C-alpha cells in the first residue's frame, strides 16, 4: 500500500458521535481489504493513493433512470448519482467514505435514514463490516462530471458531446439527483456518460428519445370507484395521449398506501367513507389531473362457513364469519342436505338437522344496503365410524400377526392402534398393521377410528400364546441337487417333540422313503419330482409338499447350451433364490459363460446376486438390455459374491450374464428379483433452473421453528456461496424462501445446520486460500427463528480447522465439533446461544481425523470421528453436560485399509449409535453401544445392499433408527429404517430417488412426523428435497 495512503488512513479521525473503537476497527478492515486488493488487483495504485483510469464502471454504476422532460422546444435531463463505494457522494471513493459508514453502522436500510441505501454497499439490507468490501473494491474511483451527448440515431458512434454537467447540481436526501437543462432539442436522442478528472469515460446511461409529435395526456376515467373495507383493489386510469406517462395517485386516506406513482397501484381500502381522490398523469407534452370520489362502503364479505361436514340425522349449528355494515340478512341454501333447507336468518348462524348421506352444493348469501356476497361451500353428510370387532384374538409368540377391525361408516378412516406391551411395534396408524407377538400372556389394546363425522374407540384384549405343540413344518432343505449325488435332507419343525418323520421323495431318490429326521439319499435322474414330508407327535401331524429338482443346473436345469444370449435359459417368475449353476471346463456342458432371460417392466427395479467360492474361480455378473448386447449394469464386488441392481428403462425380455473372470470350474447360486419402485415425491429447491449451479453437493437439513430448513453450498460463477432455504409450511407443502448466509469469496462447503435457542445456526468450511492461511471452520446464527433476519457473526471458530465440522445445541448453547490438522478432534462451546460470547475449546483426542459428527447423548456432548488413514472409527463422550469434563474415547471398529469415510452420530434408544461407510466392500455399517455412556461393547452390522461409499446421515425417525445414504452402484438415494426402536429388528430399505445421479450430500430429518431428505442431483447440480408420502 502506498505510504501516502497509509498516512491518510492513520490521520483519519472519528466523526462526532461515532465510537473511536468502531472507527479504528473500520480503518483496519479497510486497510486489510486494500492490501488484499493490491496483491491481486489488475489496477495499480500510484503514490498519491489514486488509481489510474478510474471512472465508474460495472452494473452497480450504470445510470438507468435518465429521463427527459420537454417544454416548448427545450427540456431538462434528470438522473441519479451512481458511484459504488462513494458513500458521502463527493465524487471520489476515499478514506472519507468511512465517515458515513461509521455514522450509520448497524442501521437497517428499511426504515432508516435515506442515505442508508447508499452506504449499504453490498445490498444486504444492513450497514455492517461487509460494506468495507465494495468501498475497497472501488477505492480511488472518481466521478468528476458527466458528458451530455446527443444523436439522431441510437448507434454508439453517432453520439457527440452537447455539454457537461458537474456535481454542483446534485441535490436531495439519499441518492442525489442531477439536472441538465437543454435550451433547445437539436437531437432526437440524448444520454449522459460519467467521466473522471483525467477525461476517462465510464459506462453510458440509458438513451432517452425526444418526442417530436404527440398529444398531452387526457384522463378519461378511473376504476374502481367503490369497494369494501380491507379489500385489496387495483386502480387503473383510462388515459389517451402520447406515452410514456408518469402517474401520481392520491387516495385521501381511503387506501393504504395513501399515494403511489405506479401506473396501476394495488392498495388496501381503509374504513367506510367517501374520499376525495385524484390522479395526475404527465408526459413530455403536459399533464392532466382528474379528481374522483372513492366510496369505501361496508359491503358484506363472507370469509368462511363452518362446519362443512356432519353426521346423518344430527342437529348442527352452522356459523359464518362475515364482515360489512349491519344489518345483514343471511340466506342459506343446503341443496337438500338439511332441514330446514333454505332458512333466512338475521344472524350469521343457523341450526339445522342434517338429512341423507351425500355431498351437497350449499351456498350462503349475505345482503345489506350496499349489496350482497355469495359463498359456495360443499356440505358432506356421512356416517360416523362404528367399531364392532377386532381380529384376531390370539397370536403365537415371536410370529407376525396382522390385525384388522370391522368398521361401519363413511370412509376414508384414520386409525390409531395401541397394542400395549404385547406386540412390536406397540402402536400403529395403519388400517391393518402387522406386528410381532412378544411374551406369552394376556394384553389390553384399543383401536380408535375417526372420519370427518366422528370417531369410535373399541377396547379389546388379545392373548399371546406359546408355539403350538402340534408339529409345524416351516421348510425343508435342499430342494434340488445334481443327478446321482448324495444329499442329506433336513426339516425345520416347530412343536413339542418327540417327532416321527415320514419322507417320500416321489421316486426322485434312493431310497425313496425314510423315517429318519435327516436322511441321506442318492438323487436319481434329471427330472422334477413331487415329494412330501409328514411329521407327527402326540398332538397331531403336519404335511409339507415340495418339488424336488434334480438336474445339473440345480433347481432349474440348464437344458441346453446357454453361452449366448440367444440361447438364454428362461428364469421362472421372481423372486428367485438358490438357483444353482456351474461354469468351467468340468461344469455343466463345459460352459464358460451362462445367459438367463427374464421379463421386466419399465420403471421396475431388478436386483441380482451370485455367490460362489472364489478359490475355485472369480465370477462376474452383468445385466443386458432387451437387445442382448447393450450392458445396463455390471458388478464390481470382491470375494465370494457379486451384486447388481438397475431400474429397467423399458419393458421386455432382459438378460443376466454370469461369466468367469479367472480360475477353473465354479458352482454358483443365483438370486434375482424384479419389483415395483415407489419413489418419494421430490421438489427442486435450488439449481440451474433457478439461477444457481452445483447447489446440492453439500446440504444440511434440520427442522427450525417447526419448519424444514436447508443450509447448502451453491456456486454462482467461479465461487461458491453458503445459502439458506426454509419452507413456509411444517410439512414442506409450501414455498421455499431462500437467503444468503455468507457470499464472501469461496466458502460454505461441508455445512452443518441445527436449531439453537429457537434460531437457525450453521457451521461450515471457509475455503479461502489467501496465501494459504485463511481456511477454517466458521459459524453463523440468524437473528430470526425463520431465518429472515441477519446472519452473524460469520467468524471462524478455531484456527485453520476443517473441513470436517458438525454443529449442535449443547447444554442450551451453541457448540461445534471439528478437526484441526496436526492437533486432533476438537470441541468448542460458546458462552452465548447466538455465538456472540467467548469460545471455550477442548481437544477430544489428539491426532489427524477426516470426518466428525456431534450429537447429544444422555444430555452429554458426544463425538464420532474417523482417522485420517480411514482405518479406525472412534467415539468419545464427555462426563459433563457442557463438555468441560473428561473425554472418554474408545474404538468402534478398526480394520487396516478399510477406507472408512462418512460418519453420522445419533442417540438411538437412549444409547450412542453411529452410521458410517466402509470403502472396502462398499458397505453401509451401523453400530450401537450396549450402554448409554458408550463405554460398553459395540454391536456392528452391515445394512442394506452393498455399494454405499458416499454421504450418510443417521437419525431417529418416529422412534426408529433411520439412515439416508448415497448408493454408488446406481448412484441413487436410499432410506433404511429398522423395525425396532433398539435396532434389533429388520432393516428395511427404500429407493427414494433414482433419476440420473442423485443422493449427493444427503441429510435426513423428521418433518411433520415423516422422514425427509435434502440431497444433490449430480447430473444437473440441483438441490432437491423429498419427504416420504
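Each reported figure results from applying straightforward, stated rules to the coordinates on display, with no laboratory input. Predicted, not measured: the structure shown is a model, and the values here were computed from it. Using ideal geometry, Cβ is built from the backbone for each residue, glycine included, and neighbour counts are taken over all protein chains shown.
Please work out how much length the chain gains when fully extended from residue 940 to residue 689, using 0.36 nm per residue of separation minus the C-alpha to C-alpha distance, in nm with one decimal.
Details: separation 251, 0.36 × 251 = 90.36 nm, distance 4.27 nm.
Difference between extended and current length: 86.1 nm.
Per DSSP H run of n ≥ 4, the term is -39500 (n - 2.57); total these for the chain, divide by its residue number, and report the mean residue ellipticity at 222 nm rounded to 500 deg cm²/dmol.
Taken over the chain, the calculation gives -1500 deg cm²/dmol.
So what are the chain's ellipsoid semi-axes, whole angstrom, largest first, if each one is the square root of 5 times an eigenvalue of the alpha-carbon gyration tensor? Kindly include the intermediate steps, with their values, before the conclusion.
Details: eigenvalues 941, 375, 183 Å².
One finds semi-axes of 69, 43, 30 Å for the chain.
Working out 0.36 nm times the residue gap between residue 522 and residue 488, then minus their Cα-Cα distance, what length gain in nm do you get to one decimal?
Working: separation 34, 0.36 × 34 = 12.24 nm, distance 0.88 nm.
Between residue 522 and residue 488, full extension yields 11.4 nm more.
Shape verdict for region 386-465, please, from the Cα gyration tensor: rounded (a/c under 1.5), prolate (a/b greater than b/c) or oblate. Mind dumping the intermediate values first?
Numbers: a/c = 2.39, a/b = 2.13, b/c = 1.12.
Since a/c reaches 1.5 and a/b is larger than b/c, the shape of region 386-465 is classed as prolate.
Restricting the count to DSSP beta bridges whose residues both fall in region 565-675, what percent are antiparallel, rounded to a multiple of 5?
Numbers: 40 of 42 bridges.
Once the DSSP bridges in region 565-675 are tallied, antiparallel ones form about 95 percent.
What ranking, highest mean first, results for peptides 403-415, 138-150, 13-25 when packing means the other Cβ atoms within 10 Å averaged over each residue?
Going from most to least packed, we get 138-150, 403-415, 13-25.
How large is the direction-averaged shadow of the alpha-carbon convex hull of region 221-343, in nm²?
Values: hull surface 40.3 nm².
For region 221-343, the mean projected area of the Cα convex hull comes to 10.1 nm².
Average projected area of the Cα convex hull of region 617-767, in nm²? Don't jump to the answer; show the numbers that get you there.
On the way: hull surface 57.4 nm².
Projected over every direction and averaged, the Cα hull of region 617-767 covers 14.4 nm².
Roughly what % of Cα-Cα distances in region 777-921 sit above 27 Å, to the whole percent?
Numbers: 2183 of 10440 pairs.
Tail fraction, whole percent: 21.
7 Å from Cα along Cα→Cβ at both residue 252 and residue 601: what's the point-to-point distance in nm?
Calculated label separation equals 7.0 nm.
How big is the antiparallel share of DSSP beta bridges in the chain, given as a percent to the nearest 5? Mind dumping the intermediate values first?
Numbers: 318 of 330 bridges.
Rounded to the nearest five, the antiparallel share is 95 percent.
For the chain, what relative contact order do you get, as a whole percent, if you take Cα pairs closer than 8 Å and at least 6 residues apart?
4
Please report, largest first and rounded to whole Å, the three semi-axes of the ellipsoid equivalent to region 301-382, where each semi-axis is the square root of five times an eigenvalue of the C-alpha gyration tensor. It would help to have the intermediate numbers written out before the result.
Values: eigenvalues 105, 24, 20 Å².
Here the semi-axes work out to 23, 11, 10 Å.
Dividing the Cα convex hull volume of region 423-467 by residue count, how many Å³ per residue is that? Can you show the working numbers first?
Working: hull volume 3.1 nm³, N = 45.
Output value, Cα hull per residue: 70 Å³.
When the scattering of region 389-525 is computed by the Debye formula from its Cα atoms alone, each counted once and equally, what is log10 I(q)/I(0) at q = 0.12, 0.18, 0.22 Å⁻¹?
-0.65, -0.92, -1.20
Largest first, please: the extent of the C-alpha atoms of region 565-675 along each principal axis, to the nearest Å.
Between the extreme Cα coordinates on each principal axis of region 565-675 lie 37, 26, 23 Å.
Taking 7 Å along the Cα-to-C-beta vector as the label spot, tell me the residue 836-residue 496 distance in nanometres, rounded to one decimal.
Between residue 836 and residue 496, the label points sit 7.6 nm apart.
From the Cα gyration tensor of region 625-693, with a ≥ b ≥ c the square roots of its eigenvalues, which class applies: rounded if a/c is under 1.5, or else prolate if a/b is larger than b/c, or else oblate?
Details: a/c = 2.56, a/b = 2.09, b/c = 1.22.
The shape class here is prolate.
If R0 is 35 Å, what FRET efficiency do you get for residue 80 and residue 242 from their C-beta distance, rounded to 0.05? Please list the in-between numbers first.
Values: r = 25 Å, r/R0 = 0.72.
Using R0 = 35 Å, I get an efficiency of 0.90.
If r is the Cβ-Cβ distance from residue 986 to residue 1008 and R0 is 22 Å, what FRET efficiency results, to the nearest 0.05? Don't skip to the end; give the middle numbers.
Values: r = 26 Å, r/R0 = 1.16.
Once rounded, the FRET efficiency stands at 0.30.
Roughly speaking, what is the stretch gain from residue 530 to residue 662, that is 0.36 nm per residue apart minus the C-alpha to C-alpha distance, in nm to one decimal? Don't jump to the answer; show the numbers that get you there.
Details: separation 132, 0.36 × 132 = 47.52 nm, distance 3.84 nm.
Here the segment from residue 530 to residue 662 would lengthen by 43.7 nm.
If packing is taken as the mean number of other Cβ atoms within 10 Å per residue, what is the order of 1004-1016, 477-489, 845-857, 388-400, highest first? Walk me through the numbers before you get to the answer.
Working: 1004-1016: 22.4, 477-489: 15.8, 845-857: 20.5, 388-400: 13.5.
Descending mean neighbour count gives 1004-1016, 845-857, 477-489, 388-400.
Place the peptides 253-262, 777-786 in order of packing, highest mean first, counting for every residue the other Cβ atoms within 10 Å and averaging per peptide. Intermediate values should be presented prior to the final figure.
Working: 253-262: 15.4, 777-786: 21.6.
Going by the mean number of other Cβ atoms within 10 Å, highest first, we get 777-786, 253-262.
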